[in-house]
Amino acid sequence: MIVCKSREEISAAVDKIRRQGRSLGFIPTMGALHQGHISLVKKSIADNDCTAVSVFVNPTQFNNPNDLKTYPRTVDADIALLEQTGADIAFIPSVETMYPEGLENVTESYDFGAIGAVMEGAARPGHFNGVGIVVHRLFDLVKPDRAYFGMKDFQQIAIIREMVRQRNIDIEIIPCPIVRETDGLALSSRNTRLNPEQRNQAVQISQTLFKAADLGQTRSIADLKSFVIDTVNNVPLLEVEYFEIVDGQTMQPVANWDDADWIVGCITVNVGDVRLIDNITLKQ
């Protein structure tokens with residue numbers, strides 16, 4: 001596996017792959033890699049001749065400075081895991097490599113319309129603009145045929161697809177299923193920040209979503225929303241930031257089960273100062 005840190009190194013590695021006529025899959029990550037990330041790497045390895053993975057904690061997508069400061073960073077372990085899994089390229093850029101003009105001089109901006117105005121877009125102003133900026137820059141550097149994203153970040157996939165459409169980028173976006181712990185908790189780099197009691201209670205997020213899926217259309221949208229919010233909030237260390245039941249294509253809230261063919265429940269829960277997201281399909 002090649003480890004690239006500069007623009008010149010990643011460009012040379014990608015150019016070599018292109019000269020050989022080989023396909024390239026790409027997984028952008030913020031590191032602290034877990035088996036959810038590794039499932040994306042394995043999918044890319046199965047689909048492509050070569051696979052590249054970036055590890056970069058992107059400051060432009062954090063609206064909370066403390067969240068950026070405390071985000072877990074395990075670069076050496078990440079590199080070892082990627083090599084063990086069979087990735088061909090690990091791209092580990094610095095902030096200066098990704099933003100050579102300086103963070104204060106970044107001028108790109110995106111308007112994602114309605115899909116970026118709800119849920120994470122409303123809760124974290126500027127977050128999706130930062131996601132669009134960094135993913136576009138990474139795509140420009142890596143030039144993959146396909147890029148892989150986990151469905152845990154459900155709204156983010158819609159944002160990236162919209163960015164690709166707006167900028168006319170010839171990359172196939174591949175969504176991949178959520179990977180969960182054996183008890184159901186969605187794998188997340190942020191899980192490492194939970195203390196044992198918080199971790200024990202955090203599983204109630206996914207368990208409540210599973211119950212909501214079982215209830216399905218036997219309840220109204222409003223009743224199901226209340227059930228999920230009340231159930232999670234009744235767990236002592238959990239506090240729902242939002243739970244929305246939305247059209248899986250547009251990300252817009254639905255009022256009735258016949259409002260969309262694909263309906264997804266999306267939740268964000270604060271566990272102490274750790275913010276966890278999850279989602280589940282309620283109709284498809």
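The values are calculated or read from the model by the stated rules, or taken from the named source; none is laboratory data. Being a predicted model, the structure only gives us computed values, none of them experimental. Note that we place each Cβ from the backbone using ideal geometry, even for glycine, and neighbour counts take in every protein chain shown.
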Inset, instruction - Report, by residue number, each residue of the range 241-256 that is out of contact with any Asp or Glu (no Cβ under 9 Å at 6 or more places or on another chain) and more than 14 Å from residue 154 (Cβ to Cβ). - result: 241, 255, 256
Inset, instruction - Only residues in the range 136-156 that are within 18 Å of residue 60 (Cα to Cα) count as the first member; pair them with residues that are part of a helix (DSSP H, G or I) and acidic (Asp, Glu), Cβ under 7 angstrom, at least 6 apart or cross-chain, and list the lot. - result: 155/120
Inset, instruction - For residue 119, indicate whether it is under 16 Å from the mean Cα position of the chain (by Cα), on the phi > 0 side of the Ramachandran plot and in contact (Cβ under 8 Å) with a residue 60 or more places away in the chain. - result: yes
Inset, instruction - Can you tell me which residue within the range 220-240, out of those that are loosely packed, with under 15 Cβ neighbours inside 10 Å and not aliphatic (A, V, I, L, M), is nearest to residue 273 (Cα to Cα)? - result: 239
Inset, instruction - Of the numbered conditions (1) out of contact with any Phe, Trp or Tyr (no Cβ under 7 Å at 6 or more places or on another chain); (2) outside the structural domain of residue 34 (by TED's automatic domain parsing); (3) without any contact (Cβ under 8 Å) to a residue 60 or more places away in the chain, residue 228 fails exactly one; give the number of that condition. - result: (1)
Legend entry - Residue that is farthest from residue 60 (Cα to Cα), among those in the range 85-105 that are surrounded by fewer than 17 Cβ atoms within 10 Å (Cβ to Cβ) and more than 21 Å from the chain's Cα centre (by Cα): 86
Inset, instruction - Test each condition in (1) out of contact with any Pro (no Cβ under 6 Å at 6 or more places or on another chain); (2) at pLDDT below 95 for residue 75 and report the one that comes out false. - result: (2)
Inset, instruction - Can you run down the residue pairs with Cβ atoms below 7 Å, 6 or more apart or on separate chains, where the first is in the range 261-284 and touching a residue at least 12 places away in the same chain (Cβ under 8 Å) and more than 25 Å from residue 219 (Cα to Cα) and the partner is hydrophobic (A, V, I, L, M, F, W, C) and buried (at least 22 other Cβ atoms within 10 Å of the Cβ)? - result: 271/202; 276/202; 276/205; 276/269
Inset, instruction - Give the residues of the range 261-284 that are touching a Lys or Arg at 6+ places or on another chain (Cβ under 8 Å), farther than 17 Å from residue 184 by Cα and crowded, with 19+ Cβ neighbours inside 10 Å, sorted by residue number. - result: 263, 274
Inset, instruction - State whether the residues of the range 204-225 include one that is modelled with pLDDT of 95 or more and either under 18 Å from the mean Cα position of the chain (by Cα) or at positive phi (or both). - result: yes
Legend entry - Filtered residues of the range 165-194 (kept if touching a residue at least 12 places away in the same chain (Cβ under 8 Å) and assigned to a helix (DSSP H, G or I)): 166, 189, 190, 191, 192, 193
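Is there a residue in the range 58-80 that is under 15 Å from residue 148 (Cα atoms), touching a residue at least 24 places away in the same chain (Cβ under 8 Å) and touching a helix residue (DSSP H, G or I) at 6+ places or on another chain (Cβ under 7 Å)?
No - not one qualifying residue is present in the range 58-80.
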Inset, instruction - Pick out the one residue from 111, 76, 47 that is out of contact with any strand residue (DSSP E or B) (no Cβ under 8 Å at 6 or more places or on another chain) and farther than 30 Å from residue 241 by Cα. - result: 76
